[in-house]
Amino acid sequence: MGLTQALATSLSGLQATQTGLQIVAGNIANAQTPGYVAQSAIQVAVNTGNSGDSVRITGINRLLDTFVQQQLRTETAGGSYADLNANFYQQLQQVYGQPGTSTTFDSAFNGFVSAVQALSTSPNSSAAQSQALSAAQSLASELNSATTSIQAMRAQADQGIAGDVQQANNALQQIANINQQLQSSTVNDSAKATLEDQRDQYIDQLSKLMDIRTSASGNDVVTVFTASGTQLVGTQAAQLQFNPTGSVSATQQWNSNPSLSGLGTISLVPPGGGSIDLLASGAIRSGEIAAYVNMRDNVLVQAQSQIDAIAAQMSSALSDTTTAGSAVTVGAQNGFNTDIGNMLAGNTTTITYTDSSSVQHTITVMRVDDPSALPLSNSATINPNDTVVGIDFSGGMASVVTQLNTALSATNLQFSNPSGTTLRVLDDGSGTMSVDSVDTTTTETGLTGGSGALPLFTDGSSLYTGAITATGPQSLGYAGRIQVNGALLADPSKLVAYQASTPSGDPTRPNFIYNQLANASLQFSPSTGIGGASAPFQGTLSSFISQMISSQSLATTAASNLQSGQDVVVNALQQRFSDTSSVNIDTEMANLLTLQNNYGANARVMSTVKAMLDQLLQMGS
């Protein structure tokens, strides 16, 4: 090797060492900087022909495991979802109350039942009457308060979505900006590594908000997609759009059909225009945003449905009266007559018949006063085997009969109006089918209707009848509006006096109220999450409330367990990622010593070459 070759080799070594020292110094200086990834020099040996061998720094390598990084981002989304989920369930637990304490729904309900039981033993006691009404008001107040709390939580979730969408848009724009800078040929290796650190931090922020995946290209651009494959950002950022509602009520629910939705959706607007509904397409499945959406549109809606079911079933159990139709024979046809004159919107006539194949069917005919709500779906009743027919009564009995004969022509049932408000239901006279029963359920409108039934609870100042309109069933949000009948508060004696001549000590009505509250077997809608569509929960009000509180407690525990498990996974991945990507001071100090030795060795070579060249020059002179 000639002297000039040795000089060139040592010079390249000094330059590479100098760069290495700068990188080590930068690593040590940023050891505590959040998001900083340890760096190392990329060295390659270069043969320059006559100039000999040398070393060159071709770039800076960021020391990270991309596979672990992607795993961490995926689990971070899951961890954020689990954390927020557990937090909301804890809040909801406070609304329901801890099982076994005096602040639960069952305590308020049992207090009402006990007060009514006491009234049944002392019907003529004004104190017992007042106590029963006071307990009823406490229960109604508990339902009102729970509705307020649940809807406040839904509003909180709605605002949470808005805040997260704003954060996501900022992160997407920053990622796009950095992608554009990294494409520039003027960015040196050190600046490039810094920009990549910054980009990773924004991607990490985004992974907390929603489940994402990334794809790196050869030109230093990282493209970010939703887990379902929708592109969010490359060199240009898409924008998320969301309109928060502010205050939220029980009647406001999200629907994939914008014309039917009462709450905002999250839309993605790509750089080229257009719009994608991320909620309708199910593109966001994890992260904080998904947790907020799940709470606003599913968990808390179901919680409201549960307390609405309590309010609705309790009101109907006390105010509704079912009257069996009277058997009638017309020639070869058999069936029943039933009076539908007192039916209000939401009241029903139930027809059971057996067809020619010996299969029994149930038809529920419901009065509907809002024609725009027609036709009704079978979900209008709880019975999964029911066929529901909504009828507009505004045209009188002739119209009712015509609507029924048209809607149910395939059944071979025949409907007519022999007189007044009587509805006659007959078989076809063939002997191959039969009408088994016809019952009509009506709502008692007054306090002295001649029976134990009474509208003890009302929907504000209106009767609760289970009506269905174009905006939904009356039961929706009813727990927030339920109150004790004002006429009953003005005259508590009507808890006993169901007609003008009722003796003051007659226990008929108190016994009826108690039996309906404590013993009546009721069916509850599958929308409550208790029971299934094919087998709705059936039982007493008390058993439903107990099941509801128990289910909520189990859900809270499950959410807490999920949070704990997810935290373990995220922490383990964070440690694993940190082990490979963070700065290790011991390692850097060892690298520093090696670089110092390398620097000294190359310096000595250069010094030796200089001395030899000086000697050659002297010899030549």
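Side notes on the structure shown:
- Take the conditions (1) assigned to a loop (DSSP other than H, G, I, E, B); (2) within 15 Å of the chain's Cα centre (by Cα); Gly341 misses just one of them, which is (2).
- Scanning region 362-386 for residues that are assigned to a strand (DSSP E or B) and either of a type outside the set (A, V, I, L, M) or more than 25 Å from Gly531 (Cβ to Cβ) (or both) yields Thr362, Thr364, Arg367, Val368, Asp386.
- Matching residues in region 320-334 - criterion: being within 48 Å of the chain's Cα centre (by Cα) and part of a strand (DSSP E or B): Asp320, Thr321, Thr322, Thr323, Ala324
- Leading residue by the ranking (farthest from Gln70 (Cα to Cα)) among those in region 244-253 that are surrounded by fewer than 15 Cβ atoms within 10 Å (Cβ to Cβ) and in contact with a helix residue (DSSP H, G or I) (Cβ under 8 Å, 6 or more places away or on another chain): Ser247
- Residue list for region 496-529, filter: in contact with a strand residue (DSSP E or B) (Cβ under 9 Å, 6 or more places away or on another chain) and of a type in the set (A, V, I, L, M): Leu522
- Every pair of residues 6+ apart whose Cβ atoms lie under 6 Å, when the first sits in region 401-428 and is over 16 Å from Gln333 (Cβ atoms) while the second is crowded, with 18+ Cβ neighbours inside 10 Å: Gln403/Ile391; Ala407/Val389; Thr421/Ile340
The rows are residues; the columns are (1) under 30 Å from Thr223 (Cβ atoms); (2) in the same structural domain as Thr350 (by TED's automatic domain parsing); (3) of a type in the set (S, T, N, Q); (4) modelled with pLDDT under 95.
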residue: Gly273; (1), (2), (3), (4): yes, no, no, yes
residue: Ala283; (1), (2), (3), (4): yes, no, no, yes
residue: Gly287; (1), (2), (3), (4): yes, no, no, no
residue: Ala291; (1), (2), (3), (4): yes, no, no, no
residue: Asn298; (1), (2), (3), (4): no, no, yes, no
residue: Leu318; (1), (2), (3), (4): no, yes, no, no
residue: Thr322; (1), (2), (3), (4): no, yes, yes, no
residue: Gly325; (1), (2), (3), (4): no, yes, no, no
residue: Asp339; (1), (2), (3), (4): no, yes, no, no
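- Restricting region 199-221 to residues that are surrounded by fewer than 17 Cβ atoms within 10 Å (Cβ to Cβ) and more than 29 Å from the chain's Cα centre (by Cα) leaves a set whose member that is modelled with the lowest pLDDT is Gly218.
- Taking the criterion of being surrounded by fewer than 20 Cβ atoms within 10 Å (Cβ to Cβ) and within 16 Å of the chain's Cα centre (by Cα), the residues of region 267-293 that qualify are Ala280, Ser281, Gly282, Arg285.
- Filter result (within 26 Å of Ala82 (Cβ to Cβ), hydrophobic (A, V, I, L, M, F, W, C) and in a helix (DSSP H, G or I)) within region 167-210: Ala168, Ala171, Leu172, Ile175, Ile203, Leu206, Leu209
The values are calculated or read from the model by the stated rules, or taken from the named source; none is laboratory data. Since the model is a prediction, treat every value here as computed from it, not as a measurement. Using ideal geometry, Cβ is built from the backbone for each residue, glycine included, and neighbour counts are taken over all protein chains shown.
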